[in-house]
Amino acid sequence: MISNLTTVTFGVNIAIALSIIVVFVLKYRKSEGFGQAVLWGVLTYVVSNFIRNIIGSQLFPNGIDGSNPFLGSLLNSLLITVSVVGAYLLISRFQANKGTNKKTPVMSAFAFIIIPTVNVIMQSINYIMYISAINAGNASQFVSETFTQVQLDDLISKLTTAPSEVYLQLGLTILIELAVMIVVFTILFKARKEEGGYNIKPLIVGTLVVLIYYFTNILIQLIVPSVILIHALHLLLGTFIFILFYKVLDL
């Protein structure tokens, strides 16, 4: 029997994800360049994942060794930083020719996490369906050629043994990363010169924000034993970054 609290946790994830989408659409749908910002944000996400997969497969074909938490966190965060900043700079070259305004980086940041947000909704719905079937004794209906009995048993074990708060990471992560990406996209946007090129100082600051955020977050997950404490530190980290740079944001 899987705890009802686990189901509630997935419901909270759905609520967080839907709230992000609703706020984004209601607040910015009438803003100039809304459609273009959505396109550029989604493209930046897709390109960043492409860059990360290409570089990762070439430099770390067997994955990044996590035996050393500090080194593993550093390498992972460097890989993510190169992919995110590189993708943003690449896409922004095309974006500059299409017209932008002070709300463009914020709208692009929302769009950047749209795909992960939708994934959270779909994953949470699937988990709720699995939990309902498992508790009703009908879990075998999910067994197929692509989802074996062994995989189902592993899923049941995972859902029954892991604390409910573990799964809250899905919703919290997209919420915190939204706040961080709003900061990063705004700083990088302000780094761009009208005549072309970038101002070095804000470019470095934006890059460091990405690096520090992911390095700290990954390290926290590797060395902190308490799930609740991991969530609390992650939330504190994202909140600190957002407040630190709040004055430069055009929300």
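The values are calculated or read from the model by the stated rules, or taken from the named source; none is laboratory data. Keep in mind it's a predicted model, so treat the numbers as computed, not measured. Note that each Cβ is placed from the backbone with ideal geometry, even for glycine, and that neighbours are counted across all protein chains shown. Side chains are part of the model used for accessible areas, which takes the heavy atoms of the whole protein and leaves out ligands, DNA and RNA. Shrake-Rupley method; radii C 1.70, N 1.55, O 1.52, S 1.80 Å.
A few notes on this one:
- For region 134-180, the solvent-accessible area with a 1.4 angstrom probe is 53 square angstrom per residue.
- Exposure of GLU32 as accessible area (Å², to 10), given a probe of 1.4 Å and all protein chains: 140
- Overall form of region 1-85: oblate. Here a/c, set by the Cα gyration tensor axes a ≥ b ≥ c, is 1.5 or more, and a/b is not larger than b/c.
- Accessible area in the full protein assembly, largest first, 1.4 Å probe, for LYS30, LYS103: LYS30, LYS103
- Within the accessible area of the chain (1.4 Å probe), percent carbon and sulfur: 66
- Cα extents for region 60-137 along the principal axes, largest to smallest and rounded to whole angstrom: 57, 36, 20.
- Cleavage-rule hits, trypsin sites (Lys or Arg not before Pro), region 151-238, DSSP coil, Cβ neighbours within 10 Å at most 16: LYS193
- Gyration tensor analysis over the Cα atoms of region 92-142 returns equivalent ellipsoid semi-axes of 43, 9, 5 Å (largest first, whole Å).
- Largest to smallest in accessible area, the residues LEU75, LEU235 fall in the order LEU235, LEU75 (1.4 Å probe, all protein chains included).
- Rolling a 1.4 angstrom probe over the protein heavy atoms with all chains in place gives region 1-83 an accessible area of 57 Å² per residue.
- Value at 222 nm in deg cm²/dmol, rounded to 500, when DSSP H runs of n ≥ 4 in the chain each add -39,500 (n - 2.57): -26000 deg cm²/dmol
- Counting only protein heavy atoms and using a 1.4 Å probe, the accessible area of THR9 comes to about 10 Å².
- Under the membrane-span-like helix rule (DSSP H runs whose alpha carbons stretch at least 30 Å along the helix axis, mean Kyte-Doolittle hydropathy 1.6 or higher), the chain yields 4-28, 169-191, 200-223.
- Gyration tensor analysis over the Cα atoms of the chain returns equivalent ellipsoid semi-axes of 34, 21, 18 Å (largest first, whole Å).
- Per residue, the convex hull spanned by the alpha carbons of region 124-218 comes to 149 Å³.
- Shown is the FRET efficiency for ASN199 and MET1, computed with R0 = 51 Å from the Cβ-Cβ distance and rounded to the nearest 0.05: 0.30.
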